[in-house]
Amino acid sequence: MYDNGEGVEQDSAQAVKWYRMTALQGVPFAQNNLGMMYFDGRGVLRILR
């Protein structure tokens, strides 16, 4: 929802928050999407060295 902006304003930080909470419950879809958010650097702090 927050990831795509479907029905709400798009908010990557909120998407990460909800994906993280759901991923901790073992939901594969959320685990995958959270991983993709980290991979793409959306809604998370990226530290480039």
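Using +1 on the beta carbon of Lys and Arg, -1 on that of Asp and Glu, and nothing else charged, what's the dipole of the range 1-42 about the Cα centre, debye to 20? Before the final figure, lay out the partial values.
Numbers: 3 positive and 5 negative charges, 43 e Å.
Dipole size: approximately 200 debye.
Given the DSSP H assignment, sum -39500 (n - 2.57) over each helix run of at least 4 residues in the chain and divide by its residue total; what's the result at 222 nm in deg cm²/dmol, nearest 500?
Working: 2 runs with 25 residues, N = 49.
Result for the chain: -16000 deg cm²/dmol, rounded to the nearest 500.
With no solvent and one point on each alpha carbon, what is the Debye value of log10 I(q)/I(0) for the chain at q = 0.15, 0.16, 0.19, 0.28 Å⁻¹?
-0.37, -0.42, -0.57, -1.03
Measure off 7 Å from each Cα along the Cα-to-Cβ vector at residue 49 and residue 22, then give the distance between these two points in nanometres to one decimal.
Calculated label separation equals 3.3 nm.
Bear in mind these aren't lab numbers, they're just calculated from the coordinates by the rules spelled out. Keep in mind it's a predicted model, so treat the numbers as computed, not measured. Cβ sites come from the backbone with ideal geometry, for glycine too, and all protein chains shown count toward neighbours.
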